[in-house]
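What follows is a single structure, written as structure tokens, with notes after it.
The values are calculated or read from the model by the stated rules, or taken from the named source; none is laboratory data. Here the structure is a predicted model, which means the values were calculated and not measured. Glycine also receives a Cβ, built like all others from the backbone with ideal geometry; neighbour counts cover every protein chain displayed.
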Amino acid sequence: MITYNSLFYGNLMKNKHNIGDNVLLSGNEAIARGAFEAGVKVASAYPGTPSTEILENLCTYEGVYAEWAPNEKVALEVALGASFAGARALATMKHVGLNVAADPLFTAAYTGVKGGLVIVTADDPEMHSSQNEQDNRNYAYAAKVPVLEPSDASEAKEFLKIAFRISEEFDTPVLVRTTTRVAHVKGMVRIGITENSSATLGIEKMPEKFVMLPAHARKRRVELEKRMVRLREFAETFPENRVEWRDKQKGFVTSGVSYLYVKEAFPEASVLKLGMAYPFPDRMIKDFASKVNDLFIVEELDPFIEAHVRALGIACHGKDLIPAMGELNTHIVRRSITGEAAADLFAPVLIPPRPPNLCAGCPHRGIFHAIAKLKVFVAGDIGCYTLAALKPLSSMDSCVCMGASIGTAFGMEKALGRDALGKIVAVIGDSTFMHSGITGLINVVYNRGFSTVIILDNRTTGMTGHQPNPSTGVTLCGEEGAAVDIEALCRAIGVQHVITIDPHQHESAEKILRQEIERPEPSVIITKAPCALLPEIRKKKDKNLYTVQEKTCTGCRSCLKIGCPAIEWVPLTPEEAEQMGYKKTQKGHSSINPVMCIGCGQCVPLCKFKAIVIAGEENG
């Protein structure tokens with residue numbers, strides 16, 4: 001059995017620090033440390049870059065229950081339940097995960113908490129690993145909850161502890177917003193002592209607080225507004241909202257990692273740093289603005305602070321100068337405001353693009369190669385298999401959000417009617433199916449559809465770093481649990497035709513695909529083969545590796561159509577071709593990199609000249 005987090009268990013000793021030690025930690029590691037020092041008892045999450053490493057590190061601390069939930073909504077509900085029982089609880093997720101968890105978030109703002117409740121939302125400016133670039137400070141405004149925004153690893157740890165104190169003092173969930181840069185940056189963090197919650201652990205029945213019937217909710221709505229008045233006053237004296245007075249010609253209002261960019265770009269300028277990005281300290285902002293000649297608001301993504309400053313009647317520069325898209329950096333901030341790049345600040349170095357690709361031996365490659373032959377519309381989903389949208393596979397035609405593939409395919413089916421039969425398939429990974437695909441499949445069955453759904457079961461959550469999920473039978477902490485039987489689940493939903501196949505077997509996979517997409521009723525194809533990067537698969541690398549017999553290769557390039565990174569093209573000049581016994585017109589031959597090949601055999605049936613063979617079994 002795979003111990004998914006064995007790497008983290010191997011690092012248990014790294015968490016045995018002494019109080020007062022200075023330790024180099026990433027932002028996510030620091031958040032985990034902050035949660036431990038805050039006395040968190042329960043933590044739940046769904047893995048998603050850039051937030052994943054928080055729980056992977058938190059689970060190595062003694063006395064903390066940490067889990068992967070099926071999705072972010074469940075994660076927040078688990079954390080909220082722990083809070084109702086008086087425990088300090090944490091839910092973590094990437095920015096789009098908060099969309100999934102928005103339902104409990106908005107009502108949790110009404111119920112308030114008992115034990116402190118903190119939600120970490122990790123935004124992704126520049127979309128390094130995401131499908132959109134939303135700014136989750138807007139959730140704080142909409143849900144009427146405070147949001148703290150650390151600028152580095154040290155603050156990330158301390159802000160977690162502060163967030164729990166605020167949560168319990170003001171009876172509210174608290175958002176902590178990080179970004180990719182803060183999550184993954186390394187910085188020195190001072191190890192602190194463990195705190196205790198001000199709440200008493202235990203079940204206490206408080207239906208008027210916790211049961212949001214309309215009659216109760218109307219009363220809690222009033223309490224929510226009273227809380228916001230108190231929080232606005234608190235923001236005026238909150239120590240992490242601070243003014244750094246220097247030259248008053250230019251003044252900057254900023255928060256999060258943008259604060260560091262401002263400090264580097266304009267070290268001589270005065271700065272108002274908002275550690276609490278919402279609610280705003282209006283008096284502090286007005287006072288600061290009145291004492292500087294030119295006011296600039298520097299923030300990534302939305303003009304969240306800027307809009308409020310302008311609403312206060314204060315003239316300022318913001319998104320008229322600072323980009324509203326993508327990640328900022330020191331160079332961009334200086335150039336945006338001064339109009340020129342200073343000699344002491346270097347521009348980001350442009351590196352050659354490196355198109356992402358499915359790994360050598362990836363089981364998804366075979367099924368997408370088969371799908372490509374069918375010329376169908378592929379409603380795709382979120383996972384490493386989304387890379388099948390790229391050439392040479394070019395086998396994904398839509399991708400919206402977690403779990404959307406099945407609903408999208410079904411919607412197209414209903415729009416086109418019987419004309420859609422044989423023309424549409426939905427593709428979804430095993431972890432994504434557990435996250436939010438099950439209800440889509442229920443909808444297909446319930447509403448008399450005929451969609452064909454392909455569930456790619458590679459025995460792990462591959463995209464975010466090989467975390468377990470409910471179908472693997474292993475928990476975050478490496479403990480054995482009950483594995484959800486995907487085939488049995490689909491049958492229980494009401495799908496009559498459920499077939500499990502080996503995606504490495506191209507011909508049989510293609511045959512079954514053709515059969516099922518023409519079926520006038522719902523069907524599910526489960527492709528079952530482990531991720532090529534799982535430890536037990538990598539250990540088999542020395543067995544049944546493949547090679548190209550150069551004498552037999554005709555240079556037809558058919559094997560390259562599958563896009564395996566282990567298959568390389570060796571170009572030849574006419575003279576080199578003749579020397580090797582080829583025709584002068586042959587422009588090259590294929591070669592298989594033995595370091596990358598894992599022996600999946602997907603390339604073998606592609607070569608009609610039988611030039612691809614098991615290494616060591618070449619013809620003499």
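Can LEU489 be described as assigned by TED's automatic domain parsing to the domain that holds VAL595 and outside any loop (DSSP other than H, G, I, E, B)?
On the way: assigned by TED's automatic domain parsing to the domain that holds VAL595: no; outside any loop (DSSP other than H, G, I, E, B): yes.
No; evaluated as a whole, the condition is false for this residue.
Residue-wise test of (1) within 11 Å of VAL548 (Cβ to Cβ); (2) in contact with an Asp or Glu (Cβ under 7 Å, 6 or more places away or on another chain); (3) of a type outside the set (Gly, Ala, Ser).
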| residue | (1), (2), (3) |
| --- | --- |
| THR573 | no, no, yes |
| ALA577 | no, no, no |
| HIS589 | yes, yes, yes |
| LEU606 | no, no, yes |
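Does any residue of the range 441-452 turn out to be outside any strand (DSSP E or B), closer than 16 Å to GLY380 by Cβ and free of Cβ contacts under 8 Å to residues at least 60 places away in the same chain?
no
Among residues of the range 169-189 that are of a type in the set (Gly, Ala, Ser) and surrounded by 24 or more Cβ atoms within 10 Å (Cβ to Cβ), those with a beta-carbon under 8 Å from a residue that is modelled with pLDDT of 95 or more and in a strand (DSSP E or B) at least six positions away or on a different chain give the pairs ALA183/SER26; ALA183/ALA122. For the range 607-620, filtering for residues that are surrounded by 14 or more Cβ atoms within 10 Å (Cβ to Cβ) and free of Cβ contacts under 8 Å to residues at least 60 places away in the same chain leaves 1.
Does the range 520-528 contain any residue that is surrounded by fewer than 18 Cβ atoms within 10 Å (Cβ to Cβ) and over 29 Å from the mean Cα position of the chain (by Cα)? For the range 520-528, residues surrounded by fewer than 18 Cβ atoms within 10 Å (Cβ to Cβ) and over 29 Å from the mean Cα position of the chain (by Cα): present. Exactly one residue out of ALA483, ALA488 is modelled with pLDDT under 95 and aliphatic (A, V, I, L, M): that is ALA483. Comparison of VAL262, VAL292 shows that the only residue that is in contact with a Ser or Thr (Cβ under 8 Å, 6 or more places away or on another chain), touching a residue at least 12 places away in the same chain (Cβ under 8 Å), hydrophobic (A, V, I, L, M, F, W, C) and part of a loop (DSSP other than H, G, I, E, B) is VAL292. Residues in the range 204-252 that are among the aromatic types (Phe, Trp, Tyr) and within 25 Å of LYS319 (Cα to Cα): TRP245, PHE252. Scanning the range 133-154 for residues that are crowded, with 24+ Cβ neighbours inside 10 Å, in contact with a helix residue (DSSP H, G or I) (Cβ under 6 Å, 6 or more places away or on another chain) and either at pLDDT below 95 or in a loop (DSSP other than H, G, I, E, B) (or both) gives ASN136, VAL145, PRO146, PRO150, SER151. Taking the conditions (1) part of a loop (DSSP other than H, G, I, E, B); (2) more than 21 Å from ARG246 (Cα to Cα) in turn, ILE314 satisfies each one other than (2).
Restricting the range 117-129 to residues that are touching a Leu at 6+ places or on another chain (Cβ under 9 Å) and either charged (D, E, K, R) or over 16 Å from VAL174 (Cβ atoms) (or both), the residue that is modelled with the lowest pLDDT is PRO125.
If only one of ASP457, ASP485 is within 17 Å of PRO530 (Cβ to Cβ) and either touching a residue at least 60 places away in the same chain (Cβ under 8 Å) or crowded, with 20+ Cβ neighbours inside 10 Å (or both), which one is it? Walk me through it before giving the result.
Working: ASP485 fails: either touching a residue at least 60 places away in the same chain (Cβ under 8 Å) or crowded, with 20+ Cβ neighbours inside 10 Å (or both).
Only one candidate qualifies: ASP457.
For the range 341-351, state whether one or more residues are at pLDDT below 90 and under 29 Å from LEU606 (Cα atoms).
The initial filter retains those residues of the range 341-351 that are at pLDDT below 90, namely 341-351.
Next, from what is left, pick out any that are under 29 Å from LEU606 (Cα atoms): none.
No, the range 341-351 has no match at all.
Condition check: closer than 22 Å to LYS561 by Cα, of a type outside the set (A, V, I, L, M, F, W, C) and at pLDDT 95 or above. Does SER398 satisfy that? When the stated conditions are applied, SER398 passes them. The condition of being buried (at least 17 other Cβ atoms within 10 Å of the Cβ), over 19 Å from GLY256 (Cα atoms) and either aliphatic (A, V, I, L, M) or touching a helix residue (DSSP H, G or I) at 6+ places or on another chain (Cβ under 8 Å) (or both) holds for only one of ILE322, ILE367, that being ILE367. May I ask you to list the residues in the range 155-175 that are in contact with a Ser or Thr (Cβ under 7 Å, 6 or more places away or on another chain), part of a helix (DSSP H, G or I) and not small (Gly, Ala, Ser)? Of everything in the range 155-175, just one residue is in contact with a Ser or Thr (Cβ under 7 Å, 6 or more places away or on another chain), part of a helix (DSSP H, G or I) and not small (Gly, Ala, Ser), namely GLU168. For ASP381, which of the numbered conditions (1) part of a helix (DSSP H, G or I); (2) modelled with pLDDT of 95 or more fails to hold? It is condition (1) that ASP381 fails. For the range 295-315: of the residues being of a type outside the set (A, V, I, L, M, F, W, C) and without any contact (Cβ under 8 Å) to a residue 24 or more places away in the chain, which is surrounded by the most Cβ atoms within 10 Å (Cβ to Cβ)? If we take residues in the range 295-315 being of a type outside the set (A, V, I, L, M, F, W, C) and without any contact (Cβ under 8 Å) to a residue 24 or more places away in the chain, then GLU306 is surrounded by the most Cβ atoms within 10 Å (Cβ to Cβ).
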